[in-house]
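Read-outs: derived from the displayed coordinates by stated rules, not from any lab. Small disclaimer: the values here were computed from a predicted structure and weren't measured. Because the Cβ atoms are built from the backbone with ideal geometry, glycine has one as well, and the counts that use them run over all protein chains shown.
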Amino acid sequence: MLLLAHRGASADAPENTLDAFAEAARQGADGVELDAMVCGSGEVVVCHDEHLDRLARLPWEVRVTPWWKLQRADVGSPLGFAPARIPLLEEVLDALPAHFLVNIELKCERFDDDGLAKKVADLVRRRGLAERVVISSFNPLCLFRLAAVAPELRRGFLIDPDKPWAVQAYGVSPLVSSHSVHPFHEACTHERVAAWRNAGLRVAAWTVDDPARAASLERMGVSYLITNRPGAVREALRAAA
């Protein structure tokens, strides 16, 4: 089971920043999970929230704020860390270790994704990273668009625990997932994981910091564990082996 640092090692560094991704590497993660969205000037930035109230205490909406302005936002101090800034996706890809698996989540809740799927696909192709990248989204339209422009890229559907399970797991996921399915960890059972694996899909469970639960998911056959604490979870799994 590979450990992917959730927004980087976000328990120990400000989420989705270069510091968090560097910390993930230092803690021995196998890769990272990160969030990608299009900002107001068209660049793909790495950020989870559509509005920066929580991250930077600013009333800015990312999709209408230009990159030059977003660079002024401090997304570290409000979370209790040193000052940090929002990075571009290409900056993050340049900074990550060459062996890292990268789970890029396409963040878009609207019908129009502002070109997000195509821009991410173009960047992954241009960098020759298809074998290291898994692209996921809660929005099936993003994954449909991705399949249309880059069918070779690995896609995984994120299952929302607040929406009907059967519709997502048995209706939507088979249509848009080519590589993996990404359920909330509490939705994982031996039977469900086995069924997904028999269908040729890997399972990426999120977000798990409890070592006992991580060990249980590993025994189920989960392929990717998304965690805020990759170092601590790795150490606990090794000690229990």
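Of note:
- Value of D in µm² per second that Stokes-Einstein yields for the stretch 55-98, Kirkwood Rh from Cα pairs, at 37 °C (0.692 mPa s): 284
- Here the chain carries DSSP beta bridges of which approximately 15% are antiparallel, counting only pairs with both residues inside.
- Dipole orientation for the chain: of the candidates V172, H6, L18, V172 has the Cα lying most toward the positive pole (charges on Cβ; Lys, Arg +1; Asp, Glu -1).
- Mean projected area (nm²) of the alpha-carbon convex hull when the chain is viewed from all directions: 12.3
- Karplus-based coupling profile of the stretch 191-206, in residue order and whole Hz: 5, 5, 4, 4, 5, 5, 5, 5, 7, x, 9, 7, 10, 10, 9, 9, with θ = phi - 60° in 6.51 cos²θ - 1.76 cosθ + 1.60 and x standing for Gly or Pro.
- Taking the inverse of the mean reciprocal distance over all distinct Cα pairs, the Kirkwood hydrodynamic radius of the stretch 137-192 comes to 11.5 Å.
- Here is how the number arises for the chain: DSSP H runs of 4 or more residues each give -39500 (n - 2.57), the sum is divided by the residue count, and the result at 222 nm is -8500 deg cm²/dmol.
- Restricting the calculation to Cα atoms, the stretch 38-161 shows an Rg/Rh of 0.96 when the hydrodynamic-style radius is the Kirkwood one.
- Backbone amide hydrogens, once placed in the peptide plane, bring S136 within less than 5 Å of I104, E105, L106, G156, excluding anything fewer than 5 places away on its chain.
- Alpha-carbon centroid distance for the pair the stretch 153-210 / the stretch 1-48, whole angstrom: 21
- Directionally averaged projected area (the stretch 1-49, Cα convex hull): 3.6 nm².
- Set of the stretch 224-241 residues, backbone N closer than 18 Å to the point 7 Å along the Cα-Cβ line of R192: 224-227
- Per-residue packing, averaged as other Cβ atoms within 10 Å, sorts the ranges 59-65, 153-159, 2-8 into the order 2-8, 153-159, 59-65, beginning with the highest.
- The magnitude of the dipole of the stretch 1-145, with charges of +1 and -1 set on the Cβ of Lys/Arg and Asp/Glu and taken from the Cα centre, is near 280 debye.
- Options N103, L153, L58, ranked by Cα towards positive dipole end of the stretch 37-161, top entry (Cβ charges): L153
- Convex hull projection area averaged over all views, the stretch 70-142, Cα basis, nm²: 6.1
- Rg to Rh, two decimals, where the stretch 116-215 supplies the alpha carbon set and Rh follows Kirkwood: 0.99
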